[in-house]
1. Here are some values of semi-axes √(5λ) of the Cα gyration tensor in Å: [x] 50, 17, 17; [y] 53, 27, 15; [z] 32, 27, 19. Which one was computed from this structure?
2. Please list the non-local residues whose amide H lies under 5 Å from the amide H of residue 247, H modeled 1.01 Å from N, same-chain partners needing a gap of 5 or more.
3. Using the C-alpha atoms of region 162-267, what convex hull volume per residue, in cubic angstrom, is computed?
4. May I have the convex hull volume per residue, in Å³, for the Cα set of region 128-172?
5. In terms of Cα to Cα distance under 17 Å, which aspartates and glutamates are near enough to residue 150, apart from those fewer than 8 places away along the same chain?
6. Taking only Cα atoms and a 10 Å spring cutoff, compute GNM fluctuations for the chain and point out the largest among 257, 156, 248.
7. Could you pull out the trypsin sites (Lys or Arg not before Pro) across region 224-291 that fall in loop regions by DSSP (anything but H, G, I, E, B) with no more than 16 other Cβ atoms inside 10 Å?
8. Subtract the Cα-Cα distance of residue 121 and residue 277 from 0.36 nm times their separation in residues, and report this length gain in nm to one decimal.
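Rule-based calculations on the coordinates, nothing more; no lab input. Bear in mind the structure is a predicted one, so any value in this text is a computation, not a measurement. Note that we place each Cβ from the backbone using ideal geometry, even for glycine, and neighbour counts take in every protein chain shown.
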Amino acid sequence: MKKKIIIGSIIAVESIAVIVLVILCAVGHFTRMPKLSNGQDKVVSLGTGTEYSVEQIYDMVKDSYALQKILDKVDSELLANKYPNNEEVNSYVETKVATAQANYPAEEKLNQYLSYFNCNSLDEYRDYLRLEKEKELLTTEYAKTLVTDKEIKKYYKEDYVGDIAAKHILVKPIDNNTSESRTKAQEMLDKIDTLVAGGTSVNDAFEQVGNENKDDNIILYQDLEYFNKGAMVESFETEAFKLKKGEYSKTPVYTQYGYHLIYVYDQKEKGKLEEVKETIIEQIAKQKVDDDKTVLQTKALDQLRKDNDFKLYDPSLEKQYGRYINYMVNNK
């Protein structure tokens, strides 16, 4: 059953601190709010005789704050209902929080970091991360509905390949210095080249060089096993799928994680279309999101709100919402 979301004038300013007492009064929590001569609730007064009512404050803020606050509130509720206790969301949130705490152990530095996201505590940061991840899931889900049979068949014919299995050696940045990590990666690649030229198999050469450096905390040697397009970051994936079985990258490959040496040790035949259709849909949807994330997310959230009978009763806010959606969709 659809849940009806009704947003009226008072709720529009719910999140603005100066109005909180007024809202509580309006819904009956307080009964002794001072009144202006016109009977409206008084919010602010000055010794100069200046006074402001609920309606005046609301008119001040609704054109600049209200709509976004409304959408944040509504989207948080609808997305939480759509993805209750989602493991992917929970894992993403806690990983991000743990990383922030590890990077900023001092409370002052952590609070400064949180302020970049307009968060005053880790709980607010969790809420922010949760909302962002849920929006991402919704956008991807929406993008899948846009994939056509024609696109699926074209992708299968021209772009889809069987899973590849790869190993890589990653050299992480050394004190944020990428030039040093690239130099180290090149030294390791030179040694692999020398071993291979001397008759060592590529697999054994990677094993030897990777294991020689396994105790270095900036170097990671890892078997990624089988994966397909869309599973790795773009630059890594682009290089990996250029390689044939038994080949390795001839130059270090840069990603945000550092420099990689990549070795593809196996590749499967691609399955029949009906067997891999869902995987293809996911890959096409991911590409659509990468190309038009803002537009797709706007449309996805707008559709979610419509599906839940979202309605604005303030004519001014209703017009703002229409202009906002139109702008976000038509001005990339």
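1. Read-out from the structure maps to [y].
2. The list, which skips near neighbours in sequence, is 264.
3. Numbers: hull volume 9.0 nm³, N = 106.
Cα convex hull per residue, to the nearest whole number: 85 Å³.
4. On the way: hull volume 5.8 nm³, N = 45.
Once divided by residue count, the hull of region 128-172 is 130 Å³.
5. Counting by Cα, and skipping residues close in sequence, residue 150 has these aspartates and glutamates nearby: 158, 159, 274, 275, 278, 282.
6. Comparing 257, 156, 248 in the GNM, the peak value goes to 257.
7. Details: sites: 229, 242, 244, 245, 250, 268, 270, 272, 277, 286, 288; in loops: 229, 242, 244, 245, 250, 268, 270, 272.
Filter output for region 224-291: 242, 244, 245, 250, 268, 270, 272.
8. On the way: separation 156, 0.36 × 156 = 56.16 nm, distance 4.33 nm.
Gain on extension, residue 121 to residue 277, equals 51.8 nm.
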